[in-house]
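Q: The structure under discussion is supplied below as structure tokens; questions concerning it will follow.
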Amino acid sequence: MDRLIGPPHFMIVSDLDYTMVDHDDPENLSLLRFDALWEAYYRHDSLLIFSTGRSPTIYKQLRKEKPMLTPDITVMSVGTEITYGASMVPDDEWKQFLNQNWNRDIVVEETAKFPELTLQSETEQRPHKVSFFVEKDKASKVIRALSERLKMPGLDVKIIYSGGVALDVLPQGAGKGEALAYLMKKFELDGKKPTNTLVCGDSGNDAELYTVSDVYGVMVSNAQEELLHWYEDNAKNNPKIIHATERCAAGIIQAIGSFHLGPNISPRDLINFSECKNEVFSPTYEVVKFYLLYERWRRAEVEKSEQSIQKLRSLCHPLSIFVHPSGVEHHLHQSIDAMGRFYGDKQGKEFRVWVDRLSSAQIGSDTWLVKFHKWELAGDDQHCCVTTVLLLSSMETNGSDVLTWMHLHQTWLDRQGPNDQTLWLL
């Protein structure tokens, strides 16, 4: 939360599975569209929160499998664990709060008396969460009986059913909505309450998010019936909650536009960047655009022409330097020229490029320092470089600002690069 000096302009709080991440989209196109939109327009003054039912173990596994951004805050295990930043520093105050009227041993003992309940994997059993699978046709009866069984002195719990199969027993003060309300209170006390907040979900354990005050809400088009039933019973007359017509992350982008919360055209949706001038001078937008052009060249999604190469060359100063993650240093124009022989080498293959954790700082009257993680996905392999770029701004004859790349420096994240580092061009 300390990344931003003042209140966030915008905050997104999103579930992951089948909300931000579409597991039926092998190309991850909607997620990549969101990534580009967020990094280009929002990262610099807004907050991204992932709120998931996943435990830390399988959350981290998902991050290895999908082109996901790094959130500012991660809420896991159905709102029972809150961590901050890329290093995922835990919120100990939240843990202490959840200890009130919670006895995990009693919950385990009492739930064991229900043969209809099947324990989920050990990774999903957490200090403040006991998780099961239950058949859909038996769920209502089990929930009613279990609720009665757990009414005892010194124990105050809630039962959450979602996905038509998962049943979680939590402390009464836990849950995705309670965790968000807790965070909102912290923001307000620090004078950093977001100007606008959008919550996003698809299943029953997301319903609480929409009950938090002063939020906009979107249920993605593929939302499950338990969430749609909740909406019909509780929120159908609320104009600040919509049911999107687009799936997953595309539905989130749709909601940003529907509620007029900010830019909602992803750079990935632009065919010709030269026909679309960014309204606001933005080094982060320029970085996102640069690497989209690079991806499209290698996927043969732009015309193979000298004009395309010259376009990339024009973005770089003639004396600009590139320090390759292997340690080799040469002029950036050499790397641009080398791209000619790699045109379409990833055509028809699973190859994507995205940037994460973009930040920029003006360090001189006409100089910007931009830092980010640059990722490449090739088949089943993902590799990342910690990247620093020095940009020089100047003004064209028409009065518009232009950014020129002066220096590009990359090092492998965790010191691990691909076996053939010659294929890492930029």
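The values are calculated or read from the model by the stated rules, or taken from the named source; none is laboratory data. Just so it is clear, the structure is predicted and the values come from calculations on it, not from any experiment. Positions of Cβ are generated from backbone atoms using ideal geometry, with glycine treated the same way; all protein chains shown enter the neighbour counts. We work out accessible area using only protein heavy atoms, side chains counted, and drop any ligands, DNA or RNA first. Shrake-Rupley method; radii C 1.70, N 1.55, O 1.52, S 1.80 Å.
Q: Taking 0.36 nm per residue of sequence separation and subtracting the Cα-Cα distance, how much length would be gained by fully extending the chain between residue 362 and residue 155, in nm to one decimal?
A: Gain in length upon complete extension: 69.1 nm.
Q: Averaged per residue, what accessible area in Å² does the chain show with a 1.4 Å probe, protein chains only? Let's see the in-between values first.
A: Working: 19530 Å² over 426 residues.
That works out to 46 Å² per residue.
Q: How do 104, 54 rank by accessible surface area computed with a 1.4 Å probe, from largest to smallest?
A: Values: 104 65, 54 45 Å².
Sorted by accessible area, descending: 104, 54.
Q: Could I ask something else about it? Determine which residues of segment 365-404 fall in the zone a paramagnetic label at residue 334 would reach in this model, i.e. backbone nitrogen under 12 Å from the point 7 Å along Cα→Cβ.
A: Under cut-off, by backbone N: nothing.
Q: Compute the FRET efficiency between residue 386 and residue 272 as 1/(1 + (r/R0)^6), taking r as their Cβ-Cβ distance and R0 = 22 Å, and round to the nearest 0.05. List each step's numbers first, then the result.
A: Numbers: r = 31 Å, r/R0 = 1.41.
Calculated transfer efficiency: 0.10.
Q: Going toward the positive end of the dipole of segment 274-406, with +1 on Lys and Arg Cβ and -1 on Asp and Glu Cβ, which of 394, 335, 290 do you reach last?
A: Highest projection toward the positive end goes to 335.
Q: Explain nothing, just compute: Karplus ³J(HN,Hα) = 6.51 cos²θ - 1.76 cosθ + 1.60, θ = phi - 60°, for every residue of segment 294-299 in order, whole Hz, x for Gly and Pro.
A: Per-residue couplings from phi come out as 4, 4, 5, 5, 6, 8 Hz.
Q: Going by amide H atoms built from the backbone, whose H comes under 5 Å of the H on residue 344, apart from near neighbours?
A: 298, 299, 300
Q: In terms of the ratio Rg/(2.2 N^0.38 Å) built on C-alpha atoms, what value belongs to segment 268-417?
A: Working: Rg = 15.2 Å, N = 150, 2.2 N^0.38 = 14.8 Å.
Computed over Cα atoms of segment 268-417, the ratio equals 1.03.
Q: Sticking with this structure for a sec: By a straight-distance test (C-alpha under 17 Å), which aspartates and glutamates pair with residue 311 as possible cross-link partners, with residues fewer than eight away in the same chain excluded?
A: Those aspartates and glutamates meeting the cut-off are 275, 286, 295, 301, 303, 337, 396, 401.
Q: GluC sites (Glu not before Pro) within segment 305-357: which are DSSP loop residues with at most 14 other Cβ atoms inside 10 Å? Present the calculation step by step, with values, prior to reporting the outcome.
A: On the way: sites: 306, 329, 350; in loops: 350.
Qualifying residues, ordered by number: 350.
Q: Between residue 109 and residue 92, 0.36 nm times their residue separation minus their Cα-Cα distance comes to what? Before the final figure, lay out the partial values.
A: Numbers: separation 17, 0.36 × 17 = 6.12 nm, distance 2.64 nm.
Length gained, residue 109 through residue 92: 3.5 nm.
Q: Using θ = phi - 60° and the Karplus form 6.51 cos²θ - 1.76 cosθ + 1.60, what ³J(HN,Hα) does each residue of segment 9-20 get, whole Hz, x for Gly and Pro?
A: Karplus values, whole Hz, x for Gly and Pro: 5, 7, 9, 10, 10, 10, 4, 9, 4, 6, 10, 6.
Q: List the lysines whose alpha-carbon lies under 27 Å from that of residue 236, not counting same-chain residues fewer than 8 positions away?
A: Those lysines meeting the cut-off are 136, 141, 158, 176, 185, 193.
Q: Distance between Cα centroids, segment 297-358 to segment 64-143: provide it in whole Å.
A: Here the two parts' Cα centres lie 44 Å apart.
Q: Can you give me the orientation-averaged projected area of the convex hull built on the Cα atoms of the chain, in nm²? Walk me through the numbers on the way to the answer.
A: Values: hull surface 90.4 nm².
Averaging across all directions leaves 22.6 nm² for the Cα convex hull.
Q: Express the relative contact order of the chain as a whole percentage, based on alpha carbon pairs under 8 Å and six or more residues apart in sequence.
A: Numbers: 785 pairs, mean separation 62.8, N = 426.
Normalised by residue count, the contact order of the chain is 15 percent.
Q: Taking just the alpha-carbon atoms of segment 1-93, what radius of gyration and Dmax come out, in angstrom?
A: Over segment 1-93's Cα set, Rg and Dmax evaluate to 13.1, 40 Å.
Q: Something else: Please list the radius of gyration and Dmax for segment 170-263, considering alpha-carbon atoms only, with Å as the unit.
A: 13.4, 38
Q: Quantify, in whole percent, the carbon and sulfur part of the accessible surface of the chain (1.4 Å probe; protein heavy atoms only).
A: C and S fraction of accessible area: 49 percent.
Q: For segment 155-167, just list the computed ³J(HN,Hα) in residue order, Karplus coefficients 6.51, -1.76 and 1.60, θ = phi - 60°, integers in Hz, with x standing in for Gly and Pro.
A: 10, 9, 10, 10, 10, 10, 10, 8, x, x, 8, 9, 10
Q: What is the mean projected area of the alpha carbon convex hull for segment 227-317, to one decimal in square nanometres? Numbers along the way, then the final one.
A: Numbers: hull surface 32.8 nm².
Averaging across all directions leaves 8.2 nm² for the Cα convex hull.
Q: For segment 268-343, what is the convex hull volume of its Cα atoms per residue in Å³?
A: Numbers: hull volume 8.5 nm³, N = 76.
Expressed per residue, the convex hull around the Cα atoms of segment 268-343 is 111 Å³.
Q: Turning to a different aspect of this structure: Along the charge dipole of the chain, pointing to its positive end and built from +1/-1 on Cβ of Lys, Arg, Asp and Glu, which listed residue (189, 128, 316) has its Cα farthest out?
A: After comparing all options, I get 316.
Q: Moving to a separate point now. Cα extents of segment 63-195 along the three principal axes, largest first, in whole Å?
A: Principal axes ranked by extent give 46, 39, 25 Å for the Cα atoms.
Q: Would you pull out the residues with amide H under 5 Å of residue 22's amide H, same chain only if 5 or more places away, H placed 1.01 Å from N?
A: So residue 22 has HN proximity to 31, 249.
Q: With all pairs of different alpha carbon atoms counted, what Kirkwood hydrodynamic radius in Å does segment 283-326 show? Mind showing how you got there, number by number?
A: Numbers: mean 1/r = 0.0854 Å⁻¹.
Computed over segment 283-326, the radius equals 11.7 Å.
Q: Okay, moving on. What would the Debye equation give as log₁₀ I(q)/I(0) for segment 216-265 at q = 0.13, 0.16, 0.26 Å⁻¹, counting only Cα atoms as equal point scatterers?
A: Log10 I(q)/I(0), no solvent term: -0.28, -0.42, -0.96.
Q: Turning to a different aspect of this structure: Considering amide H positions built from the backbone, and no H for Pro or chain starts, which residues 5 or more places from residue 44, or on another chain, come under 5 Å of its amide H?
A: When sequence neighbours closer than 5 places are left aside, there are no close amide H contacts.
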